[in-house]
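Just below is one structure, and these are the notes that go with it.
Readers should treat all values here as calculations from the given coordinates under stated rules, not as data from a laboratory. Just so we're clear, the structure is a prediction, and the values are computed from it rather than from any experiment. Ideal geometry is used to build each Cβ from the backbone, glycine not excepted, and the neighbour counts take in all protein chains shown.
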């Protein structure tokens, strides 16, 4: 049955001439017998299209005007014919057995909406830096997560290249809104995929995640503006779930993320409040309430790690809430626990 599952690898590229060839080569080198490689170029202005053209009829090229990552996801999925879909960022690479491993899992569990796996972190030259994302095993969740997400809002989700999706699940939530998701299209999918069916987390390292200084998440300073942006993103993501979860069979999502036990969300709000109370977006927030409720949320959510890790999060939240201003700033600058 594994052999009957076609895997579509959709490489999404914008101005990654120096990396896109390696990404496509890794997709073409899969040991699974039925792999389709779709390469979407999102209006690159470097030499990417020449690199892509060099692969000839071994790939399905999709060359489009620049519209952002969300538009690349939509265009690639529209051109794909696989039962299983992997979105591969053009600066990353797949392990040779990635497609066969995820096809095996989907064949064993046909109801799955998605499979997550670990990533080997590599540098700009393609060398492993000796760590994985996530570092620890047993972190990626498995099972029906919708009820968990309704209660805790967040769960551990992997960036683009660390996921494989059932095409049938993606059809329920794509196309995505392109204007809003010029970047971070993986966040859109991560918000909604738990409501499309069960998920499976693997400890296998099936892809390489390149850190090269130009990644979207790199270079952000954890100041008050950073935390306000995090808060806004979470509120937008929750609004997305509120809008779409009922049509996916989950009508009971609370209207506000405040109702969820989201330790990361409360941590971001607490950091924003302590760093810049005058411009904090939720003027009703009180630091002790955020600290204590956040600590409870951290201890209650078993997907945030073992007892020691959850206790550390809880202690950080309480400490930031009660510490004098200067000490709170030091705590925030040293570590802000996120869901991942």
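By how many nm would the segment from residue 107 to residue 31 lengthen if fully extended, with 0.36 nm per residue of separation less the alpha-carbon distance?
Here the answer is 25.7 nm.
Any chance you could give the angle, 0 to 90 degrees and rounded to 10, that helix 98-108 forms with the longest Cα principal axis of the chain?
Tilt relative to the chain: about 80 degrees.
Of 221, 161, 49, which has the largest mean-square fluctuation in a 10 Å C-alpha GNM of the chain?
221
Can you sort 268, 152 by how many other beta carbons sit within 10 Å, fewest first?
Ascending Cβ contact count within 10 Å gives the list 152, 268.
Helix-only estimate, please: 222 nm mean residue ellipticity of the chain, summing -39500 (n - 2.57) across DSSP H runs of length 4 or more and dividing by its residues, to the nearest 500. If you can, show how the numbers build up before the last one.
Working: 12 runs with 136 residues, N = 340.
Per the formula, -12000 deg cm²/dmol.
For the chain, modelled as a Gaussian network with Cα springs under 10 Å, which listed residue fluctuates most, 178, 235, 108?
108
Compute the distance in nm between two label points, each set 7 Å from the Cα along the Cα-to-Cβ direction, one at residue 327 and one at residue 171.
5.9 nm
Treating the angle as unsigned and between 0 and 90°, give the value, to the nearest 10°, between the Cα long axis of helix 325-334 and the longest Cα principal axis of the chain.
Roughly 20 degrees between the two axes.
Could you work out how far helix 224-244 tilts from the main Cα principal axis of the chain, as a 0 to 90 degree angle to the nearest 10?
Around 70 degrees separate the two axes.
May I ask for log10 I(q)/I(0) of the chain at q = 0.11, 0.13, 0.14 Å⁻¹, from a Debye sum over the Cα atoms as equal point scatterers with solvent left out?
Listed by q, the Debye log ratios stand at -0.74, -1.02, -1.16.
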